[in-house]
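K.L.:
Have a look at this one before I ask anything.
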Amino acid sequence: MSNELFFKSAAELGELLDKKEISAVELIQSVIDRTKKIEPRVQAFLATNEEKVIAEAKASDERRAAGKKLSPLDGIPVATKDILADKGVQLTCASKILKNYISPYTSTAIERLRDAGAIMWGRTNLDEFAMGSSVENSAFQATHNPWDLERIPGGSSGGSSAAVAAGETIIALGSDTGGSIRQPAALCGVVGLKPTYGLVSRYGLAAFASSLDQIGPFARTVKDVASTLQIIAGHDRYDSTSFKANIPNYTESIEKNKGPWKLGVPKEYFGEGLNPEVRVFIEKAIDFYKQQGCEIVEVSLPNADLAIPAYYLTATAEASSNLARYDGIRYTHRSSDATDAIDIYSKSRAEGFGDEVKRRIILGTYVLSSGYYDAYYVRAQKVRTLIRRDFEQAFQRVDALLTPTSPTAAFKIGEKATDPLSMYLSDIYTISINLAGLPGISIPCGFTNNNLPVGLQIIGKPYAEAQLLAIADFFEKAHPHYTKNPSL
Amino acid sequence: MDTSKHKIDIDYVAQLARIELSDAEKVKFSGQLENIITYCEKISQVNVDGIEPMSHSFPFYNVWEEDTPESTFAVEDVLLNAPKADEDQIVVPRVVEE
Amino acid sequence: MEYEAVIGLEVHVQLGTKTKLFTRVPYAYGAEPNTLTNSVVLGLPGALPVMNLQAIRDSIRVGLIFNCQIPEICKWDRKHYFYPDMPKNYQISQYDKPICQGGEVEIELPGSARNIMGKHRMVKLTRIHLEEDVGKLTHIGNESLVDYNRAGTPLIEIVTEPDMHNADEVFAFLKSLRMHLLYAGISDCDMEKGQMRCDANISVRPKGERKLGTKVELKNLNSISGVCNGVSFEIKRQIESLESGQRILQETRRWDAEGGITISMRSKEMAHDYRYFPDPDLMPVKISKEWRESIRAEQPELPFIKQERFFQQYDLPYSVTSVICPDKELSDYFEEAVSLYNQPKMIANFIVNELLRELSVAGTNGSLPLAESKVKPHHLASLAKLVDQSVISSQIAKEVFNEIFKTGQNPEKIVEDKDLKQNTDTSAIEKLCADAINNNPKAVAEFKSGKDNAINAIKGQVMKASQGKANPKIIDEILRKLLA
């Protein structure tokens, strides 16, 4: 059993570390060995840093020995999506344009984890600049779903979800703009949380769509997600959109908050696009809550079908602006063909960006351009208001909503690569939550006949992560899917 | 509502976005983008009269700091990733004043 | 045909805050290249802006000085264009909800002579908004070097209505703007340091015509004289074009100061599509009535209003008020001295004729600042009192002033130590007068022949012999008695 430390939860490992049954060095070594063994097949990482993490693990062991443990995550390996800045470390965003870029500063989320003693291990793969749902848009490699290597791990934080599922890390950070934490969590059979907009500082997260992006954790259990959130949540003066409030003790609230809850089921989320096999597991999960005494209420989100257009108009507009800085002038790839400054821009960007990024920048530029701004951008923001109102109305009646995370289980690599629109439609259940700024969590709720994980999405009220985690934990306790691991 | 397929002036937009596209890319992208935009036309069907656009998830105001100086980057950090630098500055081909 | 020019200005002024608009990196003119940056200034991946409260306060102050409306809500927008001096390739600015709307700037047109006050009028403002500055390019050979020190420093852009008609008005506007902003401590407005930059929109139309002519945007106006010369040239060029039957093209032209001409830069067809949209990284600003009014309550008396008061209260001439009133510190200094000894004209003259001259030559690098002067208001009050009470002559007062300027000693002590008191000993002066009469037969003869002025030459001799200490009134009396 102890040779499979990498499949344990951070909570379990923390106890073993506290009881001195294992050391942090042994733990990270187990993760390193596991990674070496399976990484050629999974390809979750864009970079790892063995020497540095072993030294950090030693320091963690010394702290514990001295009774100076910094947090429950002291000594626990945490991988980060290669879109979060860490001083002296590569920050590629899985893009050729940032291939050799080293960040001269550290993101708040990573800094807080490191200050809490976590071992910051490895940079995980993603869709270029987080634009995608499969990691197929990474400029460097495809990541394979640990449950079926032929399939995508979900995206854009698919490197993080695959790494957790495969035992290549205990915890991972991702970012979620339209489902980029929840969808890969669902497809890899792990827990992934997108916090309320503003709960976790975005400082140091290379922006895709600033009004939608949030950083959040992946882990094997809800409790691990809670203890990670505990560390990264909270006001940050370097992010003007960061929320100023006291952060509750999430782990404690999981223990205390046992329901029953009033849970809503939005009828629009169970339409024709939902795969029947997935539907069965979601309905079973709903039944479980009902049997446990929760009141299940059908609710309506009438503008749900406007979420995808509103999302793509908003996200691409913001992306076209946020990605203007990657220009070949100060720190990114500069085309060797460029003869003047204009050339530097258009050639470096043509060479540095992949197709999906180009497509979204061009779409976003178009959306903001003279003559189209009001019809597309402003209108999309008005639709956002409608979508948020739908949720506000639903939340007057219920504590949280239960939905599928993704309409299907993991699809095959290459299956949707040529049709961007059909790829966009796979985000249908996750993107409204970003548009409305709400928290959402995906937890494993079953496996298809092909042994592919299915995720249940639970959507909470703004800043109600404590309750959301409690609802998720309640399900997990009765359905410990985390005990099941992919055979690699 | 006009349901005909939307047309994008790909040359103009690509130039605004400063992305050089080959002719083949122009054809491919404009087709794909026109499909997406046509799909997005859905939002023009809903009545948004009197609805305020939402540009922030939560309506906070006045997030600011006092004017107190803090530390700066070392010049080495500024030039750490520079494609070309000289005299502690970034070098670009001569730009004419615009 | 007679033509009329219509001119509007867009003036950028750098606020004198300690740190940048959206990060707490300090700014200082002339720092070593790229030493005043961080992740935010450089627009690195993941960097986020955080507002500088002082820049908001300063902008509200400017708005109140110029009678602008301060809307309850203003917000931030991104303005997109690619340029190597702009790290993010968008500038954070204010598009449709600026911090100040409307307003007016009082200007003073040139008077008929230097010492005569010119006509005053109001120039209407459209708006004032706040935005971040860009970096600086230096062109060497076929390359350009980029220094991002200046990038991100706060600028206010003051946009006027097309409300001026000639270079004199433009000059008066910039002078007034600069005076008010300096006065309120908003900015040093040094055009050479780029702290104040100006673009002009110029059109001409036949006199009497109401419709505006085609507008030309004029850039690269790097000094106040550059603005005036550029505007004058452009007006002339447009009128000449029209007179020779040509059309004016809507375009941007740059002023070439060396050649003394304007040169076309780009036409309207190449106009930018800036793709403004609200910056999602920044929250809007809400300015409550209470806050606005508390800032208004702290607003100092403005220079033109002060000047009017100085005319009334102290009966000072324009030649003096026009020097003192534009400078708040100097005005306060003056009024402090007057409060200690009520001789405003004499004190004002000491300031304008002695103090400012000495300050201008005493500094190692430009003028010595008033605050560093050893001459304090109480010194000038005492000095005025000594002259007023005939303890010293006004001639000697200059000498005493110079001594105060050097040492900071009290004038009474200087007069005592140097024995500079006026001599009122009639017998001693009588002796000096008699000597002077004996030594100046020519002047005496002239005086006696009826040329009254000739007495001054003799007076001068007496004064010289007394080393300036003899009381001029007594000299005059004695001389006239002796020569009668």
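The values are calculated or read from the model by the stated rules, or taken from the named source; none is laboratory data. Just so you know, these numbers come straight off a predicted model, no measurement behind them. Here Cβ is always computed from backbone atoms with ideal geometry, including for glycine, and neighbour counts include all displayed protein chains. Side chains are part of the model used for accessible areas, which takes the heavy atoms of the whole protein and leaves out ligands, DNA and RNA. Shrake-Rupley method; radii C 1.70, N 1.55, O 1.52, S 1.80 Å.
K.L.:
May I ask you to list the residues in region A:94-129 that are in a loop (DSSP other than H, G, I, E, B), touching a Leu at 6+ places or on another chain (Cβ under 7 Å) and more than 12 Å from chain B (Cβ to nearest Cβ)?
P.N.:
Within region A:94-129, A:A94, A:S107, A:A116, A:G117, A:A118, A:N125 meet the criteria.
K.L.:
Any residue at all in region A:321-328 that's touching a Pro at 6+ places or on another chain (Cβ under 8 Å), free of Cβ contacts under 8 Å to residues at least 40 places away in the same chain, among the hydrophobic types (A, V, I, L, M, F, W, C) and within 14 Å of chain B (Cβ to nearest Cβ)?
P.N.:
Within region A:321-328 (the criterion being touching a Pro at 6+ places or on another chain (Cβ under 8 Å), free of Cβ contacts under 8 Å to residues at least 40 places away in the same chain, among the hydrophobic types (A, V, I, L, M, F, W, C) and within 14 Å of chain B (Cβ to nearest Cβ)), the answer is no, since none of the residues qualifies.
K.L.:
Restricting the search to region A:421-477, which residues are more than 18 Å from A:G198 (Cα to Cα), under 16 Å from the mean Cα position of the chain (by Cα) and of a type in the set (D, E, K, R)?
P.N.:
A:D427
K.L.:
State yes or no: is C:M164 at pLDDT 95 or above, over 28 Å from C:Y90 (Cα atoms), touching a strand residue (DSSP E or B) at 6+ places or on another chain (Cβ under 9 Å) and open to solvent by less than 40 Å² (accessible area, probe 1.4 Å)?
P.N.:
So C:M164 passes the test.
K.L.:
Report yes if A:K244 is among the basic types (K, R) and touching a residue at least 12 places away in the same chain (Cβ under 8 Å), otherwise no.
P.N.:
When the stated conditions are applied, A:K244 does not pass them.
K.L.:
I'm trying to understand the selection: among the residues of region A:329-354, which are aliphatic (A, V, I, L, M) and either touching a residue at least 12 places away in the same chain (Cβ under 8 Å) or touching a Pro at 6+ places or on another chain (Cβ under 8 Å) (or both)?
P.N.:
A:I329, A:A338, A:A341, A:I344, A:A350
K.L.:
Just checking, does region B:65-79 include any residue being at pLDDT 95 or above, farther than 20 Å from C:F22 by Cβ, outside any loop (DSSP other than H, G, I, E, B) and at the interface with another protein chain (Cβ under 7 Å from one of its Cβ atoms)?
P.N.:
Checking region B:65-79: at least one residue is at pLDDT 95 or above, farther than 20 Å from C:F22 by Cβ, outside any loop (DSSP other than H, G, I, E, B) and at the interface with another protein chain (Cβ under 7 Å from one of its Cβ atoms).
K.L.:
Now a separate question. Report, by residue number, each residue of region C:101-154 that is part of a loop (DSSP other than H, G, I, E, B), open to solvent by 20 Å² or more (accessible area, probe 1.4 Å) and within 10 Å of another protein chain (Cβ to nearest Cβ).
P.N.:
Result: C:G141, C:N142.
K.L.:
For region C:252-288, how many residues meet the condition of being over 30 Å from C:G46 (Cβ atoms), open to solvent by 20 Å² or more (accessible area, probe 1.4 Å) and either within 13 Å of another protein chain (Cβ to nearest Cβ) or touching a residue at least 12 places away in the same chain (Cβ under 8 Å) (or both)?
P.N.:
Result for region C:252-288: 16.
K.L.:
Follow-up question, since we're still on this one. Looking at A:P462, is it outside any helix (DSSP H, G or I) and out of contact with any helix residue (DSSP H, G or I) (no Cβ under 6 Å at 6 or more places or on another chain)?
P.N.:
yes
K.L.:
Against the definition (farther than 25 Å from B:N81 by Cβ and either surrounded by fewer than 20 Cβ atoms within 10 Å (Cβ to Cβ) or in contact (Cβ under 8 Å) with a residue 12 or more places away in the chain (or both)), how does A:G75 come out, yes or no?
P.N.:
yes
K.L.:
Then there's this: Among the residues of region C:33-71, write down those that are part of a helix (DSSP H, G or I) and hydrophobic (A, V, I, L, M, F, W, C).
P.N.:
C:V40, C:V41, C:L42, C:L53, C:A55, C:I56, C:I60, C:V62, C:L64, C:I65
K.L.:
Somewhere in region A:267-280, is a residue among the small types (G, A, S) and touching a residue at least 40 places away in the same chain (Cβ under 8 Å)?
P.N.:
Checked region A:267-280: at least one residue is among the small types (G, A, S) and touching a residue at least 40 places away in the same chain (Cβ under 8 Å).
K.L.:
Give region A:1-38 a look and list any residue that's touching a strand residue (DSSP E or B) at 6+ places or on another chain (Cβ under 6 Å) and either surrounded by fewer than 18 Cβ atoms within 10 Å (Cβ to Cβ) or free of Cβ contacts under 8 Å to residues at least 60 places away in the same chain (or both), or say none.
P.N.:
Residues satisfying the conditions do not exist here.
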